[in-house]
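The values are calculated or read from the model by the stated rules, or taken from the named source; none is laboratory data. Quick caveat: nothing in here was measured; it's all calculated off a predicted structure. Neighbour counts run over all protein chains shown; Cβ positions are idealised from the backbone, glycine included. Quick note on the areas: whole protein, heavy atoms, side chains included, nothing else; ligands and nucleic acids left out. Shrake-Rupley method; radii C 1.70, N 1.55, O 1.52, S 1.80 Å.
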Amino acid sequence: MPESGRDGSPLESPALGTSLSALVKRCGDRLRPAQPPPPAEGPPIAVTFSGGGFRATFAALGVVRYLADVGLLGNVRYVSSVSGGSVANGMLAIAWPRLREQGFSALAVDRAVIEPLASKVVGGSLKYKLLRNVWRAFGSKNRTDVLAWAFDDWFYQEKELAALDPECRWIFNAANLTTGVRFAFERDVLGDYVTGLTPTQGTGIRVSRAVAASAAVPGAFAPMELKELPFPCAQRGTPALLDGGAYDNTGLEAIDGEHYRDVFTISLNAGGVFVTGGYGKVPLVRELSRSNSLLYRQSTALRTRWMVDRFQAWERTPAGQEPPRSARRGVLFALASTISSDRAPQEHLDFVAAHPEHRTHGGKDLAFVPTVFDKLSRGLVNQLIYRGWWLTGATLSRWHPGFASLPSGVEPPPADG
């Protein structure tokens, strides 16, 4: 839950006007998520996975696979995700006990996380599965409930949030239309700082429902309402949840407090890329669409710059001195990132020499792969996983040599079909 922000800020859009009757105010409840135990050796690691449909899902799995290859997956203590990234988060969460039993090896990740998810997406279309089962939305259910059902059928086997492994904080982020802030589903609590938090235990909330709320794109899906749960400040409105990317597509807000200053952060942004130039031909529609893109670009850019500034503050701290309280260690990259090798350490030069980049599919940059939840080819799935893997290795070896060095002889995930 966020430690930043101020009480009493206007909620309504400046375009519609603001009123003192609608203010974002903290609930004031004292319930907080439990902190995970520290790793036996080395720093705790946080990973954040953005939205971006299955493009984001498989790129995120590439990050997971790289951490397994360098022996650091077992140090992960926080996974914060949005939308397509939440699909990967859910698979990792339910497989965590099995991965630990098998030493968090790359082979275990391939078998327990990557292949079960990839085989479903290569073998069929989630979009068509939803269309064939639209009848399930009749009565008290809606399209987002059908999405949760489909996630259970394909991936999560009705696993409940409260049954997830406590070694890691699994954070699935949605946007609350009622309060205008980030709403989180976690193993032990769910809620936001305006309606307050309620314990997850006893609610029966499944991983599939958390992922569906996080991935429910406005328009395609209806808001998920949690009328049955008792929130401390429920008088401020029933939570109505949609795609977390509408509020924070990076997933970074969940771990932005000073409490996490000793956590090493690895952040992947596989969201949309803003393209300059023409923006459509249909009046009104094009302006509204472009305005939405501008708002998304601004919010993502501001949070990215803010985190990069904190990384740089740590790097600029002279040896032997205490970094500023706001400083953080970590890396942040996007699918469209270009990692410069200019004046790079030898570890980075060795990595890029041994492992080609492979950033395109069918002549198109992977950052522009459509974000829909549809059937993908095995070649595209492999390329997205490899892209996430390569970016993790290239970025870490460039900016933090020695932290996550790839052992010699490691076989990377396949880069093609």
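ALA240 satisfies every condition listed in (1) in contact (Cβ under 8 Å) with a residue 60 or more places away in the chain; (2) in contact with a helix residue (DSSP H, G or I) (Cβ under 9 Å, 6 or more places away or on another chain) except (2). Considering segment 214-227, and only residues there that are at pLDDT below 90 and either touching a Lys or Arg at 6+ places or on another chain (Cβ under 6 Å) or assigned to a loop (DSSP other than H, G, I, E, B) (or both), the residue that is farthest from ASN89 (Cα to Cα) turns out to be GLY219.
Please verify whether segment 221-232 includes one or more residues that are over 20 Å from SER140 (Cα atoms) and either basic (Lys, Arg) or surrounded by 19 or more Cβ atoms within 10 Å (Cβ to Cβ) (or both). Yes, the conditions are met somewhere in segment 221-232. One residue stands out in segment 318-343 among those that are within 29 Å of the chain's Cα centre (by Cα) and over 24 Å from ALA270 (Cβ atoms): the one that is surrounded by the most Cβ atoms within 10 Å (Cβ to Cβ), namely ALA327. Taken over segment 312-329, the criterion of being closer than 20 Å to LEU252 by Cα and either assigned to a loop (DSSP other than H, G, I, E, B) or touching a helix residue (DSSP H, G or I) at 6+ places or on another chain (Cβ under 6 Å) (or both) is satisfied by PRO324, ARG325, SER326, ALA327, ARG328, ARG329. Taking the listed residues ASP152, ASP165, the one that is assigned to a helix (DSSP H, G or I) and at pLDDT 95 or above is ASP152, with no other qualifying. Here the condition is being in a loop (DSSP other than H, G, I, E, B), closer than 24 Å to ALA215 by Cα, β-branched (Val, Ile, Thr) and at pLDDT below 90; of VAL275, VAL282, it holds for VAL275 alone. Out of segment 345-378, which residues are open to solvent by less than 20 Å² (accessible area, probe 1.4 Å) and in contact with a Pro (Cβ under 9 Å, 6 or more places away or on another chain)? Hit for segment 345-378 is HIS348, nothing else.
Only a single item in (1) open to solvent by 20 Å² or more (accessible area, probe 1.4 Å); (2) on the phi > 0 side of the Ramachandran plot is not met by SER83, and it is number (1).
Could you grab me the full set of residues in segment 233-242 that are crowded, with 24+ Cβ neighbours inside 10 Å and not in a loop (DSSP other than H, G, I, E, B)? Please lay out each step first, then the result.
To start, the set of residues in segment 233-242 that are crowded, with 24+ Cβ neighbours inside 10 Å comprises 239, 241-242.
Listed by number, the residues that qualify are LEU241, LEU242.
Quick one: in segment 379-389, which of the residues that are in contact with a strand residue (DSSP E or B) (Cβ under 9 Å, 6 or more places away or on another chain) and aliphatic (A, V, I, L, M) is least open to solvent (accessible area, probe 1.4 Å)? My answer is LEU384. Could you list, in sequence order, the residues of segment 138-152 that are open to solvent by 30 Å² or more (accessible area, probe 1.4 Å), in contact (Cβ under 8 Å) with a residue 24 or more places away in the chain and out of contact with any strand residue (DSSP E or B) (no Cβ under 7 Å at 6 or more places or on another chain)? Residues satisfying the conditions are ASN142, ASP145, TRP149. The C-beta contact set for segment 316-336 (first residue in contact (Cβ under 8 Å) with a residue 40 or more places away in the chain and more than 30 Å from ARG359 (Cβ to Cβ), second residue of a type in the set (Asp, Glu) and open to solvent by 60 Å² or more (accessible area, probe 1.4 Å), distance under 8 angstrom, 6+ apart or interchain) comprises ARG325/GLU258; SER326/GLU258.
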